[in-house]
Amino acid sequence: MQRSLAIYLSAFLGLLAVSTRAEDPAIVVNANHVLHRITPYLNGACLEDVNHEIYGGMDSQMIFGESFAEPARQLTLKDFKTYEGRWTLINEGGIQAVGSDGAKIVWNGAAISNGEVSVDVKLTETTGGNGGLILKVQDAGNGSDAFTGYEVSLERPGFLVLGRHRQNWESIRRVPCVVPVNQWIKFTGSPRQ
């Protein structure tokens, strides 16, 4: 009985395929028959999820890069030279840094003989990291110890660090202190002799 049902079903499907064959599809365009006008102010963008990336539509480079994976372009900071890390101008007078070992920003303008410099430091890692001021900097380059000058910094988990760099690291003093996580701390230094 199952065999006869299978033969009957197979014959029925074959007959159905022959009787329901459609004509070849066709698309007809009548350019003289305009249904709606499109405003010239229309700007389109196409978002397509392809392998965890987003591609822009035709002529739609509204942001840097076709995927959102690229970092934003880094602006040139007047009178400063950056070494490693990502340095972004966040408001008038403010710079945000995403650091790495050796990330530093050095004043490249006129020499300051008498005055003060300050920086607000916020350390976001609970297990390590440091940030602060480097003073009297000369011969700077890429790398954590690649400069000649002095360092005053806070270090996690809790130290005030004073040191000298001569293309190396020489500790002058490490003083235990409270270094909070995710709080702004103002450092002020003087380049006086």
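With the whole protein complex present, Val117 retains an accessible surface near 40 Å², based on a 1.4 Å probe. Maximal additional length on extending the Phe187-Asn168 stretch stands at 4.5 nm, based on 0.36 nm per residue less the C-alpha distance.
With coordinates expressed along the principal axes, the C-alpha atoms belonging to the stretch 108-167 extend over 37, 25, 17 Å, beginning with the largest. Shown is the FRET efficiency for Leu77 and Leu42, computed with R0 = 35 Å from the Cβ-Cβ distance and rounded to the nearest 0.05: 0.35. Database remark: amide H of Phe159 closer than 5 angstrom to the amide H of Cys177 (H placed geometrically; neighbours at sequence offset of 5 or more, or on other chains; Pro and chain starts carry no H). In terms of the Cα gyration tensor, with a ≥ b ≥ c the square roots of its eigenvalues, is the stretch 73-193 rounded because a/c is under 1.5, prolate because a/b exceeds b/c, or oblate? Taking the square roots of the gyration eigenvalues as a ≥ b ≥ c, the stretch 73-193 is rounded. Cross-link check: pairs Lys81/Lys104; Lys122/Lys186; Lys78/Lys186 evaluated at a Cα-Cα cut-off of 18 Å; pairs beyond the cut-off: Lys78/Lys186. Modelled spin labels at Val178 and Ile112, positioned 7 Å past Cα toward Cβ, are 2.8 nm from each other. Remark: the stretch 110-181 carries a charge dipole of roughly 160 debye about the Cα centre, counting +1 on each Lys and Arg Cβ and -1 on each Asp and Glu Cβ.
The values are calculated or read from the model by the stated rules, or taken from the named source; none is laboratory data. Given the structure is predicted, the values throughout are model-derived calculations rather than measurements. Note: ideal-geometry Cβ built from the backbone for every residue, glycine included; neighbour counts use all protein chains shown. Areas reflect the complete protein model, heavy atoms only, side chains present, ligands, DNA and RNA absent. Shrake-Rupley method; radii C 1.70, N 1.55, O 1.52, S 1.80 Å.
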